[in-house]
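One structure is given here, and the rest of the page talks about it.
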Amino acid sequence: MNPIQGVYGSWQNVAVPTLALVLALEVLLTTPLVGYHVGSTYIIHFATLAVFILLSTWALPLLAQQQVVKSSLKRGLLLIYGVRLAWIGLTFLVLIFISSTMPDYGLEILNSVAFAGGRFAGNPVSLPVDNALSLTLSIIPAYLGLQLLSLGTVVLLLFVYIHLQARATQSNNPTQWRRRHWQLVLTLSVVVFTLGLTPMSDILQGYSGVLLQPERLLSYVLGAGCVLWLIVWGRR
């Protein structure tokens, strides 16, 4: 057995724990039943970056040895996002069933999480959700869109990461792989978080009014600075 593979294992060894972590983030921090309503975008951001960091770290020693990792990463992503979408679809089906057959109970679930999530600070007598089925049906397209955005982002990040790491293997210069890896991971994560995930998820949720707030403009500058650094650094 290859010593590197003996330490890091096969793609299943990283895909399964990553899937468990992603589901744990969603279950513990915001349930997918009503996650969109209480600000699920941040959980999706965390999960997206977690998938990228774990898969890229697993692939690093194999890339350093110029081994092919794309097929293994594809299978890992298929497992992670396949189960994730199945879980989300099942929970939405459950909520639709509850809202259709027991509307009062559906309202209780949604309003309880809305209050707990802190997105509604009004008088408890005035409930933020008055139609559980209507709300559930209205958020499904945007929530699934956010999941596809997450998948596309991970694919893009891994593609750029593999491309930049492959350039290092073609050079005769000695490479400090650990430092190079974390420089790439952190910089790419900042870029995609500030310039991609956050503004696009806000648009999907209908919060376009926050795109030009001062803190957002500052984050765009930070992201643009990281892009510039990647361009300059990548030419070395």
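The values are calculated or read from the model by the stated rules, or taken from the named source; none is laboratory data. These numbers come from a predicted model, not from an experiment. All Cβ positions, glycine included, derive from the backbone under ideal geometry; neighbour counts span all protein chains shown. Only protein heavy atoms, including side chains, enter the accessible area calculation; ligands, DNA and RNA are left aside. Shrake-Rupley method; radii C 1.70, N 1.55, O 1.52, S 1.80 Å.
Tabulated results
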| quantity | calculated |
| --- | --- |
| Average accessible surface area per residue within segment 141-236, 1.4 Å rolling probe, Å² | 58 Å² |
| Gained length - residue 140 relative to residue 70, 0.36 nm times residue gap less alpha-carbon distance | 22.1 nm |
| Share of carbon and sulfur in the accessible heavy-atom surface of segment 154-236 [1.4 Å probe, %] | 66 percent |
| Listed peptides 45-51, 212-218, 224-230 by packing density, highest first (mean Cβ within 10 Å) | 45-51, 224-230, 212-218 |
| Förster radius 25 Å - calculated FRET efficiency between residue 175 and residue 227 (Cβ-Cβ, nearest 0.05) | 0.65 |
